[in-house]
Amino acid sequence: MPVLWAILIAAALLLGGCGYQLRDSAELPASYQRLYVENLTADDPLYRALAHALRHGSTRLVRHPAEATARVVIERNELVDRVAVVDPRAQAREYELTQTVDFYVVTSEGGRLPSRTLTASRQYGYDPVGVLASAGNAQQTQWELAETIARLIHYRLLAEPPARSDTP
């Protein structure tokens, strides 16, 4: 039993020493501590998913641009639903939902990160008999896409240093 404890303690020290972090636990730089998201309402699934993705760190979304240390400007937030699978009777059986988001970040010092385009797709089944269940599938798929895009925005902010105002 003491050997097991020694192994667990050694593993914890090694993981802590190498900088291991749990998923979504990395802190954003101080310039991103208060983010204002332009062109999204608070009820938009992407806005809610972004707030959810940032919940573990010290970064938070603010409602007014004057409170922000940086602004995430959403240039395009497009959701496209198309038929992916048709049965022999020409009825849609599966749809593909694709979300495309163009965005850039502006810091309070006036620096600007380059525009980025993020795209995610998911497929969901459609049952003409269970229309309510199919509508629930579409809403669940939309939420999953918003979560994916929000995580990708979070990762972009982690990967790119805040832009300085002298950057073109």
Name every residue in the range 99-117 that is under 23 Å from Arg151 (Cβ atoms), surrounded by fewer than 15 Cβ atoms within 10 Å (Cβ to Cβ) and either of a type in the set (Val, Ile, Thr) or more than 18 Å from the chain's Cα centre (by Cα) (or both), in order of residue number.
-> Thr117
Filtered residues of the range 35-59 (kept if more than 14 Å from the chain's Cα centre (by Cα), modelled with pLDDT of 90 or more and surrounded by fewer than 19 Cβ atoms within 10 Å (Cβ to Cβ)) = Glu38, Asn39, Thr41, Ala42, Asp43
Tell me, which residue of the range 155-167 that is in contact with a Gly (Cβ under 9 Å, 6 or more places away or on another chain) and either crowded, with 18+ Cβ neighbours inside 10 Å or modelled with pLDDT of 95 or more (or both) is nearest to Tyr47 (Cα to Cα)?
-> Pro162
Criterion violated by Pro65 - all others in (1) loosely packed, with under 13 Cβ neighbours inside 10 Å; (2) farther than 18 Å from Pro162 by Cβ; (3) in contact (Cβ under 8 Å) with a residue 24 or more places away in the chain satisfied | (2)
Of the residues Leu22, Leu14, Leu8, which single one is aliphatic (A, V, I, L, M), in a loop (DSSP other than H, G, I, E, B), at pLDDT below 85 and surrounded by fewer than 13 Cβ atoms within 10 Å (Cβ to Cβ)?
-> Leu22
Looking only at the range 25-34, decide whether some residue is on the phi > 0 side of the Ramachandran plot and either assigned to a loop (DSSP other than H, G, I, E, B) or surrounded by 13 or more Cβ atoms within 10 Å (Cβ to Cβ) (or both).
-> no
For the range 122-130, indicate whether the set of residues that are modelled with pLDDT of 85 or more and in contact with a Lys or Arg (Cβ under 7 Å, 6 or more places away or on another chain) is non-empty.
-> no
Within the range 65-100, which residues are under 14 Å from Ala120 (Cβ atoms) and among the hydroxyl-bearing types (Ser, Thr, Tyr)?
-> Thr98, Thr100
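The values are calculated or read from the model by the stated rules, or taken from the named source; none is laboratory data. Nothing here was measured: the structure is a model prediction, and the numbers come from that model. Neighbour counts run over all protein chains shown; Cβ positions are idealised from the backbone, glycine included.
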